[in-house]
Each structure stands twice: as C-alpha cells, then as structure tokens.
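The numbers here are math on the coordinates, done by the rules we state, and not lab data. Here the structure is a predicted model, which means the values were calculated and not measured. All Cβ positions, glycine included, derive from the backbone under ideal geometry; neighbour counts span all protein chains shown.
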C-alpha cells in the first residue's frame, strides 16, 4: 500500500494502518461466516480509504497529468515522439499560403489553359527574333571604317619577330637554370 499510494505525513500513515487492519478483520469475519459484521468492516474500510485519498480515482485526480521528473519527460518523448505530427489542411502562415497559391496557379495554368503550347512557342520565337536583332545591331556597330585603319609596315613585323625571339631565348635560359639547379 505504501508503494501504491502517496503517503505524506503521520496522519496518512495512521489512516493507512487502520485501513489495513480493517481489511484483515473483514477477511477474518468473512472466513468465519459473519456476513453482517463483514459488511460493516468493508464499509468502514471504504470510508477510511476515501478519507485518506487512497482510492484509485482520488489518486489519479491528485496525480494529474503533470510531469514531475526528467525520466517522465524522457519516457513521454520516447513514447510519443519528439515533435508531434499533426496534419492541418489549411496553411499555417503567409509562406504556406504563398506556396499553396503558386501550386494552384501552376495547376490551373497547366490543366485549364488550352493554348499554352502556342503561347510558349510564340514567346520563344519572339525571344529569338530579339536576339537576332541585337546581334545585327552589334555587327553594324563593329563595321570597320577602312579609312581609320593604319597601315602596317615592315618595321612593325620586324619588331614583333625580334620580341618573339627575345622571349624564346629568355625561356630557354630559365629552363636551363632550373634543370641545372635540379641536378645539383
């Protein structure tokens, strides 16, 4: 009985002892066949249990649905899961409403719009036409005016060839230095 009920203080303990003695006495009277006395003892047992809050209904009412320790919290999380999963058919916030609106718009556009293929093809043709128009404008801007071109002289070619030969010689010297330092 001490393990089954929340016994707090000497008064509770005394009431529990009286209830236990009454229970034993009622069992003895039933064994002897004294039904009337046994009824009185059972009635007294019930009154003692109620007065001490030792009935199951009162114990449950007193205990309530509160979590008293970390172990109960852990048990609850392991039993029910960490995040309660509820399905709510309506949007929860503005983002959900926006997503739902976009989904409905896309569904309506794809399912109910009969001329969608022709609209897309027309838009693609217009985009290609605009690109071609821009390319033509770019070519017109890049047309060279032959009068503004300077004449390339033989001296320019000679200078360029000298530059290439000089760079080639510098590269060969650098490679030779690297190979020589690697061998040592």
Inset, instruction - Starting with the highest mean, order 5-18, 107-120 by the number of other Cβ atoms within 10 Å, averaged over the residues of each peptide. - result: 5-18, 107-120
Inset, instruction - Compute the length gained on full extension between residue 125 and residue 34: take 0.36 nm times their separation in residues and subtract their Cα-Cα distance, giving the result in nm to one decimal. - result: 22.1 nm
Inset, instruction - Please give the FRET efficiency for residue 180 paired with residue 137, using the beta carbon to beta carbon distance and R0 = 45 Å, rounded to the nearest 0.05. - result: 0.20
Legend entry - Difference of contour (0.36 nm per residue) and Cα-Cα distance, residue 157 to residue 1: 44.8 nm
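Once you order the gyration tensor axes a ≥ b ≥ c over the Cα atoms, which shape class does segment 90-139 get: rounded for a/c under 1.5, otherwise prolate or oblate by comparing a/b with b/c?
Numbers: a/c = 9.90, a/b = 2.21, b/c = 4.49.
Oblate, because a/c is 1.5 or more while a/b does not exceed b/c.
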